[in-house]
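Written out below as structure tokens is the structure these notes cover.
The values are calculated or read from the model by the stated rules, or taken from the named source; none is laboratory data. None of these values were measured; they are calculated from a predicted model. Virtual Cβ from ideal backbone geometry, glycine too; neighbours counted across all protein chains shown.
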Amino acid sequence: MIDLKGVGVTYSNGWRALSNVQLKIDKGEFVFVVGTTGAGKSTLLKLLSREETATEGTVKVSGQDLSSLPLHDLPAYRRKIGIVFQDFGLLPNKTVYENVAFALQVTGASRQTIRRQVPYVLDLVAMSHRPDAFPNQLSGGEQQRVAIARALVNEPFLLLADEPTGNLDPETSLGIMQLLNHINLRGTTVIIATHDQAVVDFLQRRVIAFDQGGLVRDEVVGNYRATEAQEETA
Ligand SMILES: Nc1ncnc2c1ncn2[C@@H]1O[C@H](COP(=O)(O)OP(=O)(O)O)[C@@H](O)[C@H]1O
Ligand SMILES: [Mg+2]
């Protein structure tokens, strides 16, 4: 479903953030993207959401070459992708219910769809008991669960999460990652950029590692760090 061939990204200031990336991700996969700050993780996610375009090579999603995606198709493309960030990004003056409903309203969804979908996704993230709460009345973990519900409400085929547990304590982080794992098991492709070694090692899913813009490791069942044996053969 996702196919990157010889992908490079050089930012306008001349900084080469990614180089020669070859990567395939199938429908329904769950992938951790790891690497130190500046390795290129966010740039990879931005390529997939078409916030950035490759300056070399091709990025294809569902057969579509993203660099030739017509501008007027961009909103429809983005609507099919759910995105979750480190800082949750909820609208502070809207309730939990309204934050999630808003993501549907902007797509022109009917009131009937909204009344069906919002409770459904809030239930999925175990937040259906607080529909009337405002973001500042919730813990970080609860806010992130609402942000995940909002990302899912349009039934995206792909969920991108950029350091989703960066602002959360270890126990809450594990809960959020287990929720993303659960969402993946229901069929959504999930790609998570993270620094969270404990969670990556706990879940034992596919791990791709970046270092200075290069993809340096890709394991079907991986840990945050390469094992010594793998480093020796690398
Ligand atoms: N818009 C930009 N313009 C110039 N350089 C950028 C831009 N965005 C990111 N970079 C640089 O590209 C490199 C990779 O960044 P990023 O993908 O954000 O890495 P990560 O998410 O792994 O920390 C870093 O050196 C960063 O400073
Ligand atoms: Mg980043």
Matching residues, region 151-173, being touching a Phe, Trp or Tyr at 6+ places or on another chain (Cβ under 8 Å) and over 14 Å from Phe32 (Cα atoms): Asn167
Which numbered condition Phe202 misses (of (1) in contact (Cβ under 8 Å) with a residue 60 or more places away in the chain; (2) in a helix (DSSP H, G or I)): (1)
Complete set of residues in region 24-46 that are away from ligand 2 (no atom under 16 Å from the Cβ) and farther than 22 Å from Asp201 by Cβ: Lys24, Asp26, Lys27, Gly28
Which listed residue, of Ser19, Ser68, is over 19 Å from the mean Cα position of the chain (by Cα) and either without any contact (Cβ under 8 Å) to a residue 24 or more places away in the chain or buried (at least 19 other Cβ atoms within 10 Å of the Cβ) (or both): Ser68
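Taking the options Asn154, Asn184, name whichever one is among the polar types (S, T, N, Q), in contact with a helix residue (DSSP H, G or I) (Cβ under 6 Å, 6 or more places away or on another chain) and more than 16 Å from ligand 2 (Cβ to nearest atom).
Values: Asn184 fails: in contact with a helix residue (DSSP H, G or I) (Cβ under 6 Å, 6 or more places away or on another chain).
From the options Asn154, Asn184, the qualifying one is Asn154.
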Qualifying residue in region 183-193 (condition: closer than 30 Å to Phe210 by Cα and without any contact (Cβ under 8 Å) to a residue 24 or more places away in the chain): yes
Any pair with Cβ under 7 angstrom, 6 or more apart, that starts in region 22-51 at a residue that is closer than 15 Å to Phe85 by Cα and ends at one that is among the basic types (Lys, Arg) and near ligand 2 (Cβ under 9 Å from one of its atoms): Val33/Lys41
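For region 121-168, give me each residue that is within 16 Å of ligand 1 (Cβ to nearest atom) and of a type outside the set (D, E, K, R).
Leu160, Ala161, Pro164, Thr165, Gly166, Asn167
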Looking only at region 24-44, and only at residues there that are assigned to a strand (DSSP E or B) and within 16 Å of ligand 1 (Cβ to nearest atom), the one that is surrounded by the most Cβ atoms within 10 Å (Cβ to Cβ): Phe32
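Using the structure shown, decide if Leu47 is part of a loop (DSSP other than H, G, I, E, B) and either modelled with pLDDT of 95 or more or under 18 Å from the mean Cα position of the chain (by Cα) (or both).
So Leu47 does not fit the description; no.
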Positions within region 148-179 being under 23 Å from Arg116 (Cα atoms) and in contact (Cβ under 8 Å) with a residue 40 or more places away in the chain, in sequence order: Ile148, Ala149, Arg150, Ala151, Leu152, Val153, Asn154, Pro156, Phe157, Leu158, Leu159, Leu179
